[in-house]
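Peer 1: I have a structure here, written as structure tokens, and I will follow up with some questions on it.
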Amino acid sequence: GEGLPRPEQTRIIVVANQKGGVGKTTTTVNLAASLAVHGARVLVVDLDPQGNASTALGIDHHAEVPSIYDVLVESKPLSEVVQPVPDVEGLFCAPATIDLAGAEIELVSLVARESRLQRAIQAYEQPLDYILIDCPPSLGLLTVNALVAGQEVLIPIQCEYYALEGLGQLLRNVDLVRGHLNPALHVSTILLTMYDGRTRLASQVAEEVRTHFGDEVLRTSIPRSVRISEAPSYGQTVLTYDPGSSGALSYLEAAREIALKGVGVSYDATHAHIGA
Ligand code: ADP
Ligand code: MG
């Protein structure tokens with residue numbers, strides 16, 4: 001990798017948006033792989049019972065595989081479920097299996113039900129630069145566990161009509177968790193996904209998002225790209241599937257921007273990907 005400044009402490013980034021299909025999983029795995037390609041050690045925590053992030057990373061997650069369910073519900077140490085991602089040096093995954101669907105209910109009756117992921121991460125001793133948590137499309141106890149465990153929230157926004165609708169609820173949840181359980185939590189990053197700069201709607205939505213969120217919006221946006229959507233069916237990120245594609249380059253650039261922001265270095269947007 002080209003090497004980027006590494007954070008002094010592990011940055012825990014929660015990728016959340018209760019809307020489905022906005023690019024949470026795609027962003028989690030491709031950003032994680034990009035950070036790893038840049039030389040960082042990165043763990044992806046798959047918190048969606050669908051296990052799409054695990055699939056996209058080529059990680060076995062059939063029902064018998066030790067998974068994040070065991071960590072949350074059975075208090076199994078995170079180190080016992082983490083698997084290295086094939087073909088990407090420095091990238092690891094804590095997979096989700098289908099039994100995670102039941103965890104939302106099972107967690108209700110457990111002690112410290114909101115902070116079980118936080119505890120598991122705090123007890124994990126392997127050195128990491130980043131942990132990226134892929135959330136399900138809901139604001140239940142799984143997402144709350146992610147918000148309690150993390151410091152940063154990354155919200156992927158698809159540039160379409162109603163893009164900002166429903167975000168108010170997520171932002172209120174972030175405020176609630178910050179107020180009661182995790183004072184460090186903040187929305188650090190907004191990423192525009194599936195951006196098609198040729199359409200008027202996309203650029204209007206992008207402008208609206210930038211007006212609303214300001215500096216949190218990355219200069220880099222992710223273009224709509226067939227290569228990005230094909231990669232998961234090969235159990236690969238777009239970084240391995242087609243390293244020279246615009247999708248791969250835009251995620252590498254977004255990763256660079258996030259890494260630099262994290263150490264307070266201003267980002268030179270000359271190479272920012274501004275859509276297709
Ligand atoms: P979420 O996790 O928010 O539900 P996904 O990351 O699964 O969203 O993305 C939803 C769908 O859109 C998937 O089929 C994915 O392959 C596709 N997709 C995501 N980002 C892009 C992109 N930049 N270009 C083309 N397709 C994309
Ligand atoms: Mg998803």
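Peer 1: Residues in region 21-33: is at least one basic (K, R) and either more than 9 Å from ligand 2 (Cβ to nearest atom) or closer than 18 Å to S79 by Cβ (or both)?
Peer 2: Taking every residue of region 21-33 in turn, none turns out to be basic (K, R) and either more than 9 Å from ligand 2 (Cβ to nearest atom) or closer than 18 Å to S79 by Cβ (or both).
Peer 1: Report, by residue number, each residue of region 223-246 that is farther than 19 Å from V88 by Cβ and among the aliphatic types (A, V, I, L, M).
Peer 2: The answer is V226, and nothing else.
Peer 1: Going through region 220-248 one residue at a time, which ones are buried (at least 18 other Cβ atoms within 10 Å of the Cβ) and away from ligand 1 (no atom under 15 Å from the Cβ)?
Peer 2: Result: T240, single match.
Peer 1: Sticking with this one: Out of all the residues in region 4-41, which are among the aliphatic types (A, V, I, L, M), away from ligand 1 (no atom under 16 Å from the Cβ) and at pLDDT 95 or above?
Peer 2: Hits for region 4-41 are I12, L35, A36, V37, A40.
Peer 1: Taking region 215-263 on its own, how many of its residues are among the charged types (D, E, K, R), in a loop (DSSP other than H, G, I, E, B) and without any contact (Cβ under 8 Å) to a residue 40 or more places away in the chain? Walk me through how you get there before you give the answer.
Peer 2: Of all residues in region 215-263, those among the charged types (D, E, K, R) come to 215-216, 219, 224, 227, 230, 242, 253, 256-257, 261.
Still in the list and also in a loop (DSSP other than H, G, I, E, B): 219, 224, 242.
Now drop any that are not without any contact (Cβ under 8 Å) to a residue 40 or more places away in the chain, which leaves 242.
Total satisfying the criteria: 1.
Peer 1: Here is a check on your reading of the model: is A53 assigned to a helix (DSSP H, G or I), modelled with pLDDT of 95 or more and within 16 Å of ligand 1 (Cβ to nearest atom)?
Peer 2: yes
Peer 1: Which one of these does V14 not meet: (1) over 12 Å from the mean Cα position of the chain (by Cα); (2) within 16 Å of ligand 2 (Cβ to nearest atom)?
Peer 2: (1)
Peer 1: Given the conditions (1) more than 17 Å from A149 (Cβ to Cβ); (2) touching an Asp or Glu at 6+ places or on another chain (Cβ under 8 Å); (3) away from ligand 2 (no atom under 12 Å from the Cβ), and given that Y69 satisfies all but one, which numbered condition is not satisfied?
Peer 2: Every condition holds for Y69 apart from (1).
Peer 1: Same structure, new question: Looking at V144, V209, can you tell me which residue is within 23 Å of V44 (Cα to Cα), without any contact (Cβ under 8 Å) to a residue 60 or more places away in the chain and either surrounded by 20 or more Cβ atoms within 10 Å (Cβ to Cβ) or of a type in the set (K, R) (or both)?
Peer 2: The match here is V144.
The values are calculated or read from the model by the stated rules, or taken from the named source; none is laboratory data. Quick caveat, the model's predicted, so the values are computed rather than measured. Cβ: placed from backbone, ideal geometry, glycine included. Neighbour counts: every protein chain shown.
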